[in-house]
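Only one structure is covered here, and it is reproduced in the block below.
The values are calculated or read from the model by the stated rules, or taken from the named source; none is laboratory data. Quick caveat, the model's predicted, so the values are computed rather than measured. Note that we place each Cβ from the backbone using ideal geometry, even for glycine, and neighbour counts take in every protein chain shown.
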Amino acid sequence: MRSNSPMLQNAAPAKPSASPTVKPLQIGPVFVDPPVLQAPMAGFTNYAFRQIVREFGGAGLLATEMISARGFLGTCKHSDRLPDRLWGVADEPRPLAVQIWDNDPDVLAAVGAKLAHELNVSVVDINFGCPVRQVTERAKSGSYLLRDPQRMGRIIERIVDACRPTPVTAKIRLGCTRNSINAFEVAQVVETAGAAALTVHGRTAEDFFTGSADWETISQIKPHLKRIPLIGNGDLNTPEAVLDAFARYAIDGVMIARAALGKPWLFRQVRALLLGEPPVPEPTLEQERELLTRHFELICRHFGAEKGSLLMRKYACCYAQGRRGARKFRAHVAMISTPEEFHEVVKTHFPRERVCGNGPSL
Ligand SMILES: Cc1cc2nc3c(=O)[nH]c(=O)nc-3n(C[C@H](O)[C@H](O)[C@H](O)COP(=O)(O)O)c2cc1C
């Protein structure tokens, strides 16, 4: 399972965070150290991605993609199989959070109980932030539920009861629209209902991904919570941005999503900065090549060579983010349909000898 690359070795167990402002956080019995979480991302944070992040080290808690609770029950009714999005979950290292979505307390509680008691996941997270129409308008779930905090409370209570002693957390946005920001009220409801942590993406559902995450408002939620940690999320894309967030805002932890897709080593860099250790350099071209190959191997092991090659197009494109020659690499990698084609593209764009002096380039 493990790569021989030094960049991809499992990092040594995290030392306790040294900085006085950045302490490990606790989600029920689960220690999150450092208090830097890998966000759930549908279509991306599957086992292969999580394993890559885990091998680099530095993330205190990893999360699956969001799982439809109804879909989960449907799959279980007809076979012993788990939903495809849960591949790897049964056996992979802990701590691990699994995120579920729906609007029916009974359905969510049934799935939460399975995750907690049969799969022994570390944390069951409920999605109250997804702004996608299929989830909101069609299924009255995700961020749609932010308009009814009392219903959110009933949902959380049911899941907490069903999952006990496994902690249940909630991930929200600031509100449905800029004119209806209600994260303060929602935070209290979430805590009172028995959740063990609250993650807030500093945008509204209406914002989707436009504008900037509003960290001031995230920070203002903190006085509304008495017991549970507040985890801030949105636009953190460098170790310095994370340090700055801890310095400026009243948060207990941070969650990183998009920036990690192209830089799964970011968590390791963040941890080094938080601990005051020497900076972790960007990987070399050779190490990035190994990383792409490793990701491809993990994907193909589950999906097979044909589907794996097609899926790898989108993951490989993420690694091109912000690099020189990215457009050309994307154009090439978007055409691959076989492992041979994938390896050929990687060989062309990540030659064994360094061709340019200043850091990795595609
Ligand atoms: C492709 C993609 C998929 C996402 N899927 C989920 C999801 O399944 N569950 C969830 O709570 N948030 C999901 N999000 C939102 C992220 O977890 C995160 O809240 C958001 O991207 C802001 O953080 P960032 O600025 O670090 O990317 C997704 C975001 C993206 C870009």
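Here is how the numbers come out for the structure above:
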{"item": "Residue within region 118-136 that is more than 23 Å from the chain's Cα centre (by Cα) and either more than 16 Å from the ligand (Cβ to nearest atom) or under 18 Å from ALA63 (Cβ atoms) (or both) present", "result": "no"}
{"item": "Considering residues of region 198-214 that are polar (S, T, N, Q) and within 21 Å of MET152 (Cα to Cα) only, the residue farthest from the ligand (Cβ to nearest atom)", "result": "THR204"}
{"item": "Test: residue in region 85-94 that is at negative phi and assigned to a helix (DSSP H, G or I)", "result": "yes"}
{"item": "Test set (1) buried (at least 21 other Cβ atoms within 10 Å of the Cβ); (2) away from the ligand (no atom under 15 Å from the Cβ); (3) not in a helix (DSSP H, G or I) - ALA162 fails condition number", "result": "(3)"}
{"item": "Criterion: out of contact with any Leu (no Cβ under 7 Å at 6 or more places or on another chain), at pLDDT 95 or above, of a type outside the set (A, V, I, L, M, F, W, C) and closer than 19 Å to ASN237 by Cβ - qualifying residue of PRO339, PRO264, PRO278", "result": "PRO264"}
{"item": "Selection within region 95-149 - acidic (Asp, Glu), surrounded by fewer than 20 Cβ atoms within 10 Å (Cβ to Cβ) and either part of a helix (DSSP H, G or I) or touching a Leu at 6+ places or on another chain (Cβ under 7 Å) (or both)", "result": "ASP106, GLU118"}
{"item": "Meets criteria (more than 21 Å from ALA197 (Cβ to Cβ) and touching a Gly at 6+ places or on another chain (Cβ under 6 Å)) for THR136", "result": "yes"}
{"item": "Selected residue [at pLDDT below 95 and buried (at least 18 other Cβ atoms within 10 Å of the Cβ)] from LEU62, LEU82, LEU86", "result": "LEU82"}
{"item": "Test: residue in region 175-191 that is part of a loop (DSSP other than H, G, I, E, B), touching a Lys or Arg at 6+ places or on another chain (Cβ under 8 Å) and either aliphatic (A, V, I, L, M) or buried (at least 24 other Cβ atoms within 10 Å of the Cβ) (or both)", "result": "no"}
{"item": "Failed item in (1) touching a Gly at 6+ places or on another chain (Cβ under 7 Å); (2) at negative phi, with GLY234 passing the rest", "result": "(2)"}
{"item": "Criterion violated by ILE156 - all others in (1) within 16 Å of the ligand (Cβ to nearest atom); (2) free of Cβ contacts under 8 Å to residues at least 40 places away in the same chain; (3) surrounded by 15 or more Cβ atoms within 10 Å (Cβ to Cβ); (4) closer than 22 Å to THR75 by Cβ satisfied", "result": "(4)"}
{"item": "Top-ranked residue in region 286-333 [being within 13 Å of LYS263 (Cα to Cα) and aliphatic (A, V, I, L, M); ranked as modelled with the lowest pLDDT]", "result": "ALA320"}
{"item": "Number of positions in region 36-57 that are within 15 Å of the ligand (Cβ to nearest atom) and within 22 Å of LEU274 (Cα to Cα)", "result": "6"}
{"item": "Qualifying position, being closer than 30 Å to ARG294 by Cα, under 17 Å from the mean Cα position of the chain (by Cα) and aliphatic (A, V, I, L, M), among LEU274, LEU198, LEU266", "result": "LEU266"}
{"item": "Residues (surrounded by fewer than 21 Cβ atoms within 10 Å (Cβ to Cβ) and part of a helix (DSSP H, G or I)) located in region 274-284", "result": "LEU275"}
{"item": "Scan of region 215-256 for residues that are within 14 Å of the ligand (Cβ to nearest atom), surrounded by fewer than 21 Cβ atoms within 10 Å (Cβ to Cβ) and not in a helix (DSSP H, G or I), ordered by number", "result": "ASP235, ASN237, THR238"}
{"item": "Among the candidates PRO83, PRO93, residue that is in the same structural domain as VAL30 (by TED's automatic domain parsing), free of Cβ contacts under 8 Å to residues at least 24 places away in the same chain and of a type outside the set (S, T, N, Q)", "result": "PRO83"}
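The rows are residues; the columns are (1) outside the structural domain of ALA257 (by TED's automatic domain parsing); (2) surrounded by fewer than 18 Cβ atoms within 10 Å (Cβ to Cβ); (3) part of a loop (DSSP other than H, G, I, E, B).
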{"position": "LEU292", "(1), (2), (3)": "yes, no, no"}
{"position": "PHE296", "(1), (2), (3)": "yes, no, no"}
{"position": "PHE303", "(1), (2), (3)": "yes, no, no"}
{"position": "GLY308", "(1), (2), (3)": "yes, no, no"}
{"position": "CYS317", "(1), (2), (3)": "yes, yes, no"}
{"position": "GLN321", "(1), (2), (3)": "yes, yes, yes"}
{"position": "ARG324", "(1), (2), (3)": "yes, yes, yes"}
{"position": "LYS328", "(1), (2), (3)": "yes, yes, no"}
{"position": "ILE336", "(1), (2), (3)": "yes, no, yes"}
